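Undergrad: Handing you this structure, nothing more for now.
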Protein chains: 2
Amino acid sequence: MSDGEFKCVTIVGVGLLGGSLGLAMKARTPSVRIFGVGRRRQALDEALACGAIDEAYLDAAEPAGRSDLVVLATPVCAFEQHLRTIAPVLADGAVVTDVGSTKDFVVRTAGGTLGKAGAFVGSHPMAGSEKKGVAHASADLFEGATCVITPIPETPPTTAERVENLWRSLGMRTLRMDPRDHDRAVAAVSHLPHAVSAVLATLPEQRYMEVAATGFRDMTRLAAGDPEMWRDILVTNREAVLEALDAMAGSLSRLRDLLDRSDAAGIERMLAEARDRREQSNAGQ
Amino acid sequence: MSDGEFKCVTIVGVGLLGGSLGLAMKARTPSVRIFGVGRRRQALDEALACGAIDEAYLDAAEPAGRSDLVVLATPVCAFEQHLRTIAPVLADGAVVTDVGSTKDFVVRTAGGTLGKAGAFVGSHPMAGSEKKGVAHASADLFEGATCVITPIPETPPTTAERVENLWRSLGMRTLRMDPRDHDRAVAAVSHLPHAVSAVLATLPEQRYMEVAATGFRDMTRLAAGDPEMWRDILVTNREAVLEALDAMAGSLSRLRDLLDRSDAAGIERMLAEARDRREQSNAGQ
């Protein structure tokens, strides 16, 4: 698979991720044509101005019909509508992927709407920030980060390879997972921490914020994320997040029991296990 | 109250906070004599070598009898033993304070053991890091941070002022709170976040750590803290931490209910409230 195999690319959603994808692909292969699709004229104009896209559209149908790659980069709950728009116009051999944070819902939605078997493979490039909008897009957003690809048994190997090579060409480390396994993993390491961060931010009485320090600031940083995007992530990963919330509630309840009976040794063991688990993981590095 | 009013200071516990206090006081008033008390000869030697203390002792009795200020800087659960050692030797007019993270337990322990009414006022300098030991001590650790002073009705105003002026002279912003109110505040903004961070670190299956990114790393940073120190903090702030754990469990359960019935609007409202609360607070700055 050669670099720059995609000549015409439609990116639906020109926010932080969609805009960065356009910039990164053009930085790598200046001849690629990027068609940006958005709801708001202003975001499209910004994307044109910064060079993230070459042409701007309010609807995906026209550019998608002329593209060999279509990437969905809107909030996940809007994917179905765009897939329905794209389905009838998609060229033979064209590939569709996405940048959504949940995969089972997305892969099932694509299977149900796209019609063309094997045109879709899910992607989750794990890059981004609390910042949103094309104004914060950058050509090296993906560099060095991990991208999970979620082919299913029905996915032709070449489709998965083409999408995998795309992310690799942008400097990402790729990793293949089953969509449901991906969802359980990100529920534990990303969606639950986000939910917990939001809950922590709402708990202290306002007058107690005077004594809040770096620990509180770090633990509520994720809560600054976009409520609409995170609503979609939690709702489309409902089962795995419910499981993760139950595991969290169970562990907090065990800690509560230890503290209730002043079991200092038990508390210390729990804290030591947490420290060791963190140090063994990548997170400790 | 003039600068450097304390001529001879005993610091019990020469770790990060005790060592930094010695360095900071000597940087401000080179003539002050700092007596360091520790259990381990090696830590005392390090403290002597870096200039955090002038003399080293394995027991507090002798230096405390010659001091006009005694500061407890060991883990909180060791305070009672040191207070019993200090009580019979403490000079008239000498002041005792501490750097512990919980205050009601400490203030009650001091009241019950020290005998001399009004010699003690609790302090909680909110400075530090996950690093421990005098090797990480620094003269400017306290600069710009907040210190809570917790006088009670029995505390003579001059005792509270002398301790408040000490922390101010080291560049801290001071704040007075009732000990129990302090404990509820730090339970919400510090102790609960720590407990939650530890629980989050233990939840993901090991194989899922491959997809852990900056969000997970930030949310489990506190879990790297010293288990022994945090055990003491949780145990000596039991009531307030239990209250905070119950509030957390209640909020997580409300989020679980919203997600269980796929109430997207309700979830978005909860996430938006969290973001707004964070932005309104100092934490958002």
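The values are calculated or read from the model by the stated rules, or taken from the named source; none is laboratory data. Source: prediction; values computed, not measured. Here the Cβ is made from the backbone with ideal geometry for all residues, glycine too, and neighbour counts use every protein chain on show.
Undergrad: What are the pairs with Cβ atoms under 7 angstrom where one residue, in segment A:79-98, is within 17 Å of A:T236 (Cβ to Cβ) and the other, located anywhere, is among the β-branched types (V, I, T) and in a loop (DSSP other than H, G, I, E, B)? Sequence gap at least six, or different chains.
TA: A:H82/A:T74; A:T97/A:V121
Undergrad: Can I ask one more? A:L258 - would you say it is more than 21 Å from the chain's Cα centre (by Cα) and more than 7 Å from chain B (Cβ to nearest Cβ)?
TA: Against the criterion (more than 21 Å from the chain's Cα centre (by Cα) and more than 7 Å from chain B (Cβ to nearest Cβ)), A:L258 qualifies.
Quick grid of which residues meet (1) at pLDDT 95 or above; (2) buried (at least 17 other Cβ atoms within 10 Å of the Cβ); (3) of a type outside the set (S, T, Y); (4) assigned to a helix (DSSP H, G or I):
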position	(1), (2), (3), (4)
B:M209	no, yes, yes, yes
B:G215	no, yes, yes, yes
B:D218	no, yes, yes, yes
B:V235	yes, yes, yes, yes
B:D246	yes, no, yes, yes
B:A249	yes, no, yes, yes
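Undergrad: Out of B:T155, B:T159, I need the residue that is out of contact with any Lys or Arg (no Cβ under 8 Å at 6 or more places or on another chain), hydroxyl-bearing (S, T, Y), in contact (Cβ under 8 Å) with a residue 60 or more places away in the chain and assigned by TED's automatic domain parsing to the domain that holds B:L72. Which one? Break it down into steps so the answer makes sense when it comes.
TA: On the way: B:T155 fails: in contact (Cβ under 8 Å) with a residue 60 or more places away in the chain.
On inspection, the qualifying residue turns out to be B:T159.
Undergrad: So how many residues does segment A:10-34 have that are free of Cβ contacts under 8 Å to residues at least 60 places away in the same chain, over 21 Å from the mean Cα position of the chain (by Cα) and not in a loop (DSSP other than H, G, I, E, B)?
TA: Of the residues in that region, 1 qualify.
Undergrad: Turning to a different aspect of this structure: Among the residues of segment A:167-195, write down those that are part of a helix (DSSP H, G or I), more than 10 Å from chain B (Cβ to nearest Cβ) and of a type in the set (D, E).
TA: A:D183
Undergrad: Residues to consider are B:K103, B:K132; find the one that is modelled with pLDDT of 95 or more and in contact with a Gly (Cβ under 7 Å, 6 or more places away or on another chain).
TA: Numbers: B:K132 fails: modelled with pLDDT of 95 or more.
Result: B:K103 is the single residue among B:K103, B:K132 that is modelled with pLDDT of 95 or more and in contact with a Gly (Cβ under 7 Å, 6 or more places away or on another chain).
Undergrad: Among the residues of segment A:144-166, write down those that are more than 14 Å from chain B (Cβ to nearest Cβ) and not polar (S, T, N, Q).
TA: A:P151, A:I152, A:P153, A:E154, A:P156, A:P157, A:A160, A:E161, A:R162, A:V163, A:E164, A:L166, listed by residue number.
Residue-wise test of (1) out of contact with any Leu (no Cβ under 8 Å at 6 or more places or on another chain); (2) charged (D, E, K, R); (3) under 21 Å from B:T155 (Cα atoms).
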{"residue": "B:K7", "(1), (2), (3)": "yes, yes, no"}
{"residue": "B:S67", "(1), (2), (3)": "yes, no, yes"}
{"residue": "B:V76", "(1), (2), (3)": "yes, no, yes"}
{"residue": "B:T97", "(1), (2), (3)": "no, no, yes"}
{"residue": "B:K103", "(1), (2), (3)": "yes, yes, yes"}
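Undergrad: If A:P204 satisfies all but one of (1) assigned to a helix (DSSP H, G or I); (2) of a type outside the set (V, I, T); (3) at pLDDT below 95; (4) more than 21 Å from B:Y208 (Cβ to Cβ), what's the number of the condition it fails?
TA: If we test A:P204 against (1) assigned to a helix (DSSP H, G or I); (2) of a type outside the set (V, I, T); (3) at pLDDT below 95; (4) more than 21 Å from B:Y208 (Cβ to Cβ), just (1) comes out false.
Undergrad: What are the residues in segment B:103-145 that are buried (at least 19 other Cβ atoms within 10 Å of the Cβ) and outside any loop (DSSP other than H, G, I, E, B), if any?
TA: B:D104, B:F105, B:V106, B:V107, B:T109, B:A110, B:F120, B:G122, B:S123, B:H124, B:P125, B:V134
Undergrad: Which is among the hydrophobic types (A, V, I, L, M, F, W, C) and within 16 Å of B:M248 (Cβ to Cβ), of A:A213, A:A198?
TA: The conditions single out A:A198.
Undergrad: If I ask for residues that are crowded, with 24+ Cβ neighbours inside 10 Å and either among the aliphatic types (A, V, I, L, M) or without any contact (Cβ under 8 Å) to a residue 24 or more places away in the chain (or both), which ones from segment B:35-44 would you list?
TA: B:V37, the sole residue that qualifies.
Undergrad: Can I ask one more? Quick one: count up the residues across segment A:153-199 that are among the hydrophobic types (A, V, I, L, M, F, W, C) and either surrounded by fewer than 19 Cβ atoms within 10 Å (Cβ to Cβ) or in contact with a Gly (Cβ under 8 Å, 6 or more places away or on another chain) (or both).
TA: 3
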